[in-house]
Amino acid sequence: MQEPKATNITWHEGAVERQARFMSLGQRGCTVWFTGLSGSGKSTIAVSVEHALHQMGKHAYRLDGDNVRHGLCNNLGFSAEDRDENIRRIGEVAKLFADAGLITLCSFVSPYRDARDKVRKLHEDAGLAFFEVFVDIPLAVAQERDPKGLYKKAAAGEIKDMTGLSAASPFEAPLRPELRLPTHEQTIEKSATEVIQTLQSAGVF
């Protein structure tokens, strides 16, 4: 956990216990963290899962990589330090959402294993469930898909140190994710179903 710069601050407990919030929603708050290369399908799966959960009457909210950079993280770039800070902020927000009882769906490249592990520990220390989902596709497939044109820009020299393309910006795959989704081998619908089944099996709802 990053040491706060502010001093003379005190955590104020509320009058509503976490379990009471969970009971009122009929679900346990948790965070589902989708990680993988750009173009792997993280955001697409998260959208599908959120929609399916809504249809089931469950409460979920998506935190998407590009979306948070419009506001919460709009002062951060893509250096290793900024990427870590980006993930730290999102991890803190996701923890708060999970504590409120939401199923929080986070879709971020989040290339560094240590940063993801810190988010996991943040949840574990707070007694909240955390599910790491590795959206696993070969780099060649990601380059072929290239939905945002980022790989094309990287090839043209417009983007430096694109994740997965150089030793300077590696993607560190999860070692023991709760779920692995090879989206080049199965449909988005099947991937979303596997996420929901994982949550059900873990007793989230």
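Read the figures in this text as sums done on the coordinates, not as results from a lab. Every value quoted in this text rests on a predicted model; they were computed, and no experiment measured them. Note: ideal-geometry Cβ built from the backbone for every residue, glycine included; neighbour counts use all protein chains shown.
With the cut-off at 30 Å, report for the chain the share of all Cα pairs above it, as a whole percent.
More than 30 Å apart: 22 percent of the Cα pairs in the chain.
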Within 10 Å of each residue's Cβ, count the other Cβ atoms and sort 12, 123 from fewest upward. 12, 123
Using the 10 angstrom Cβ neighbour count as an exposure proxy, how do 82, 99 rank, fewest first? 82, 99
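For the chain, give me the percentage of DSSP beta bridges that are antiparallel, rounded to the nearest 5 percent.
Working: 1 of 20 bridges.
Taking every DSSP beta bridge within the chain, about 5 percent pair in antiparallel fashion.
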Between residue 114 and residue 193, what is 0.36 nm times their sequence separation minus the Cα-Cα distance? Round to one decimal in nm. 25.6 nm
Footprinting exposure proxy for 151, 112 (fewest neighbouring C-beta atoms within 10 Å first): 112, 151
What does the convex hull of the Cα atoms of segment 160-205 come to per residue, in Å³, rounded to a whole number? 117
Between 46, 168, 100, where does the largest GNM mean-square fluctuation fall for the chain, given springs only between Cα atoms within less than 10 Å? 168
Once a ≥ b ≥ c are taken as the square roots of the eigenvalues of the Cα gyration tensor of segment 1-61, is the result rounded (a/c under 1.5), prolate (a/b larger than b/c) or oblate (a/b not larger than b/c)? oblate
